[in-house]
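K.L.:
Structure incoming, see below.
The values are calculated or read from the model by the stated rules, or taken from the named source; none is laboratory data. Predicted model only: the values in this text are computed from it and were never measured. Virtual Cβ from ideal backbone geometry, glycine too; neighbours counted across all protein chains shown. Keep in mind that these areas ignore ligands, DNA and RNA; they rest on the heavy atoms of the full protein, side chains included. Shrake-Rupley method; radii C 1.70, N 1.55, O 1.52, S 1.80 Å.
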Amino acid sequence: MSQIENPTQQKIAEILNESKTIAVVGLSDNPSRTSYQVSKVMQQSGYHIIPVNPNASEVLGIKSVPSLKDIEDPVDIVNVFRRSEHLPSIAEAAAEMEITPNVFWGQLGLKNEEACRIAENAGMTVIMDKCIKVEHSMIK
């Protein structure tokens, strides 16, 4: 597997400063899960969070959608909390959204070459194996 090249820290800071809406794929409604804790911090930092989880009706006080195709509003970042093998199908779903998101973000520990290629070919900036909350904490 070749190396996935993440943007520079400066570019990631720009992305986070310019972004408003984050669709979180695999956002759990369980407060002890990392996806919940990270998304709650991002929500408290002023981001609009869209929970994407077919098994939850509501997360963080927001109605959950079953899949990315159910989102009608523009999304700046698709942030993924699913195992790496799910990334290609999620990247395809992101690429098929009515308005292509700016960024496809695989959380810490997540990497997938195929997903990277799919997202980049659709015009998205790809960030993998980085925690959005950690990155956000470094730009304050």
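K.L.:
Counting only DSSP beta bridges with both residues in the chain, tell me the antiparallel percent, nearest 5.
P.N.:
Restricted to the chain, the bridges split so that about 10 percent are antiparallel.
K.L.:
Give the label of the value calculated from the structure for volume of the Cα convex hull per residue in Å³, choosing from (1) 98; (2) 205; (3) 431.
P.N.:
(1)
K.L.:
Taking 8 Å as the Cα distance limit and 6 or more residues as the minimum spacing, I'd like the relative contact order of the range 1-65 as a percentage.
P.N.:
29 percent
K.L.:
Okay, moving on. Using a 1.4 Å probe on the protein chains only, how many percent of the accessible area of the chain belongs to carbon and sulfur?
P.N.:
It is 44 percent, rounded to a whole number.
K.L.:
Going through the cross-link list K69/K130; K20/K133; K63/K130; K11/K40; K40/K111, which pairs have a Cα-Cα distance over 18 Å in this structure?
P.N.:
Beyond 18 Å between Cα atoms: K69/K130; K63/K130; K11/K40; K40/K111.
K.L.:
As an exercise, use a Förster radius of 25 Å and the Cβ-Cβ distance of N30 and E120 to find the FRET efficiency, rounded to the nearest 0.05.
P.N.:
For N30 and E120, the calculated efficiency is 0.20.
K.L.:
Show that you can apply the helix-only estimate: for the chain, add -39,500 (n - 2.57) for every DSSP H stretch of four or more residues, divide by all residues, and state [θ] at 222 nm to the nearest 500.
P.N.:
Taking each H run of at least 4 residues, the total per residue is -9000 deg cm²/dmol.
K.L.:
In addition: For the chain, what's the relative contact order in percent, using C-alpha pairs closer than 8 Å and at least 6 residues apart?
P.N.:
24 percent
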